[in-house]
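Below is one structure, written out as structure tokens, with a few remarks after it.
Read-outs: derived from the displayed coordinates by stated rules, not from any lab. Since the model is a prediction, treat every value here as computed from it, not as a measurement. Cβ sites come from the backbone with ideal geometry, for glycine too, and all protein chains shown count toward neighbours.
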Amino acid sequence: MGCISFVHLNFWYTIGKTFLPQLTWRRKVDEKVVYLTFDDGPHPAITPWVMTELEKVGAKATFFAVGDNAVKYPEVVTAINTRNHQLGNHTQHHIKGWQVLKEEYLHDIALCDKTIAGSKLFRPPYGQINFKSIALLSLDYEIIMWDILTKDYLPGLNTNRAQKRIQKATRPGSIIVFHDSEKAEKNLKILLPEYLQFLKSEGYLMKLL
Ligand SMILES: [Zn+2]
């Protein structure tokens with residue numbers, strides 16, 4: 001059993017919580033609550049579908065929006081707000097934090113901040129962020145990582161196995177990453193409804209970060 005559990009450990013979570021404890025990997029909570037997050041939208045069809053699924057079980061979620069997409073689909077941004085979900089900053093152009101200068105990175109985040117009209121939550125695309133950026137960003141944002149990556153973006157994902165893996169990894173305070181993107185759509189539509197039912201049957205609340 002020990003070995004099986006070890007396989008299920010999320011690499012980034014394990015490394016990250018050790019070396020980058022100033023980022024949020026899982027919330028410390030005293031109630032049975034998890035935090036569902038959706039990256040890379042908004043998308044005109046997929047994001048509304050996600051919200052409808054969430055609302056069937058009374059769940060709230062955080063949408064880490066790419067500014068470019070928010071510019072294209074302002075009505076979806078509005079819907080996220082009016083349906084009482086929450087927006088987070090995922091940069092304007094979905095750039096990689098290890099491949100650009102700190103100044104460029106911070107500028108891109110500022111652009112997204114303007115586009116989505118302010119959020120105190122930031123998630124770095126690809127989980128890539130450098131130390132200098134962390135120090136500066138931490139002043140204005142809570143940097144939200146995750147302890148559960150669904151890997152819904154993988155074309156060949158075994159969704160049965162993924163469902164078991166994410167359910168097994170779920171605990172109070174967990175932060176779960178899905179993607180409201182075309183790349184993830186097929187897997188998302190298989191994984192999300194069943195996972196929401198699991199959370200509901202286990203008595204988890206699904207709240208805003
Ligand atoms: Zn992303």
Per-selection metrics, the chain (Cα): Rg and Dmax in Å: 16.3, 48
Cα centre as origin, Lys/Arg/Asp/Glu Cβ charges: the chain dipole, Debye: 680 debye
Near Ala59, within a Cβ-to-Cβ distance under 12 Å, what is the net charge of the other residues, with Lys and Arg +1 and Asp and Glu -1? +3
Most positive-pole-ward Cα, Thr91, Leu154, Ile116, against dipole of segment 63-209 from beta carbon charges: Leu154
Projecting each Cα onto the charge dipole of the chain (Lys/Arg +1, Asp/Glu -1 at the beta carbon, about the Cα centre), which of Leu191, Thr170, Tyr126 comes out farthest on the positive side? Thr170
Bins of 5 Å from zero: percent of alpha-carbon pairs in segment 99-209: 2, 10, 19, 18, 17, 15, 12, 7, 1, 0
With N set to the residue count of segment 146-191, report its C-alpha Rg divided by 2.2 N^0.38 Å to two decimal places. 1.08
